[in-house]
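The structure appears below as structure tokens.
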Amino acid sequence: MEKENTDQLSEADVMDMLEIPSDVFENVEFTENNTSVISNNKSYTSRKHVMDGSFKIYLFNLEFETRQKKSKSDGCNLEVVDLKLNVEDHVYEDLSQSLQLIVNHYNVLGFFILMSTYASWRIKIEKIFNSFEEKYPGIAEVKSLKDNKCILQILVDGHSDFIFIIWYSWLVDESFHTTPEVKLGVKVSESLLKEDDSSCIRASPRIFRKMLENYDIEHSINTLINMINPK
């Protein structure tokens, strides 16, 4: 068995070697970055890379192997031949399908795109939810669920049995860019639902979706609160 040799590369060196644009990992804070040569012969050099760090507040561990050909005449000079990753449990629950696809295809670039966009959006959404709780005390309240998601509950005209619930899930495109999908649900008593002759309660999720098509998340939630709790 060939002995591992240190061949320390900086984070920027590794990203450059993988042709990952600098803006993709500009919000990443690396706490560990180790590179070791596991095989070196006339044809190629194999390296093992271990990276620990965080995307804003979300921790990760990334281990992958690269094989770099010494002859550029054979096509691609560098390939990733193995990839293992660890993220926090609630992050994995949100992104499990995309993360598994990334592992299956050894897609390091996809991992950095996915986690960078996810972290930025999730922190932004939670900040928006918290701002409404501060702005509308007694009406808007942030609730944390067991899977560490946040939801925003909005009491309607002081009724504890009539509550709008706003939460979000994640949409991931083919290039692994992540955006939130904000949804509206209604928790209402049977008696109030029977009084809903014009089906306004039933139509409220559809109306909220239309608002989101024309306005940003913050504006849409603010409009909803002012509609159902007029001053």
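With Rg and the Kirkwood Rh both taken from Cα atoms, where does Rg over Rh land for region 121-228?
On the way: Rg = 14.4 Å, Rh = 14.7 Å.
So for region 121-228, dividing Rg by the Kirkwood Rh gives 0.98.
Pull up all non-local amide H partners of residue 40: gap of 5 or more, or a different chain, and H-to-H distance under 5 Å with H placed in the peptide plane.
Under 5 Å from the amide H of residue 40 lie the amide H atoms of 46, each far enough along the sequence or on another chain.
Between residue 120 and residue 40, what length in nm is gained on full extension when 0.36 nm per residue of separation is reduced by their alpha carbon distance? Can you show the working numbers first?
Working: separation 80, 0.36 × 80 = 28.80 nm, distance 3.93 nm.
Roughly 24.9 nm would be gained on extension.
Just grab the label-to-label distance for residue 223 and residue 96, each label 7 Å out from Cα along the Cβ direction, in nm (one decimal).
Taking the two extended label points, one gets 3.5 nm.
With the convex hull built on the Cα atoms of region 66-121, state its orientation-averaged projected area in nm².
Values: hull surface 17.9 nm².
Average of the hull's projected areas for region 66-121 equals 4.5 nm².
For the chain, what is the charge dipole size about the Cα centre, in debye to the nearest 20, if Lys and Arg each add +1 at the Cβ and Asp and Glu each add -1 at the Cβ?
Details: 25 positive and 38 negative charges, 64 e Å.
Charge dipole of the chain: 300 debye, to the nearest 20.
For region 5-87, just run the numbers: alpha carbon Rg, then divide by 2.2 N^0.38 Å, N being how many residues it has. Intermediate results must be reported in sequence, preceding the final value.
On the way: Rg = 13.4 Å, N = 83, 2.2 N^0.38 = 11.8 Å.
Rg over 2.2 N^0.38 Å, computed on Cα atoms: 1.14.
Which semi-axes, in whole Å and largest first, does the equivalent ellipsoid of the chain have when worked out from the alpha carbon gyration tensor as the square roots of 5 times its eigenvalues? It would help to have the intermediate numbers written out before the result.
Values: eigenvalues 476, 50, 39 Å².
Taking √(5λ) for each eigenvalue gives 49, 16, 14 Å, largest first.
Using just the helices of the chain, give the 222 nm mean residue ellipticity in deg cm²/dmol: DSSP H runs with n ≥ 4 each add -39,500 (n - 2.57), and the total is spread over all residues, rounded to 500.
-11500 deg cm²/dmol
Residue by residue, what Karplus-based ³J(HN,Hα) values in Hz, rounded to whole numbers, does region 50-66 have, using 6.51, -1.76 and 1.60 with θ = phi - 60° and x for Gly and Pro?
So the J values, rounded to whole Hz, are 10, 10, 10, x, 8, 9, 6, 10, 9, 6, 8, 10, 10, 10, 8, 10, 10.
How much length, in nm to one decimal, is gained on full extension between residue 215 and residue 16, taken as 0.36 nm per residue of separation minus their Cα-Cα distance?
Gain in length upon complete extension: 67.8 nm.
Anyone know which of 107, 86, 77 comes out most mobile in the 10 Å Cα GNM of the chain?
Its mean-square fluctuation being the largest, the pick is 77.
List the trypsin sites (Lys or Arg not before Pro) in region 53-121 that DSSP assigns to loop (not H, G, I, E or B) and whose Cβ has at most 16 other Cβ atoms within 10 Å. Which are they?
On the way: sites: 56, 67, 69, 70, 72, 84; in loops: 56, 70.
Passing sites in region 53-121 are 56, 70.
Read-outs throughout are calculated quantities, based only on the coordinates presented, and are distinct from any laboratory measurement. Nothing here was measured: the structure is a model prediction, and the numbers come from that model. Cβ sites come from the backbone with ideal geometry, for glycine too, and all protein chains shown count toward neighbours.
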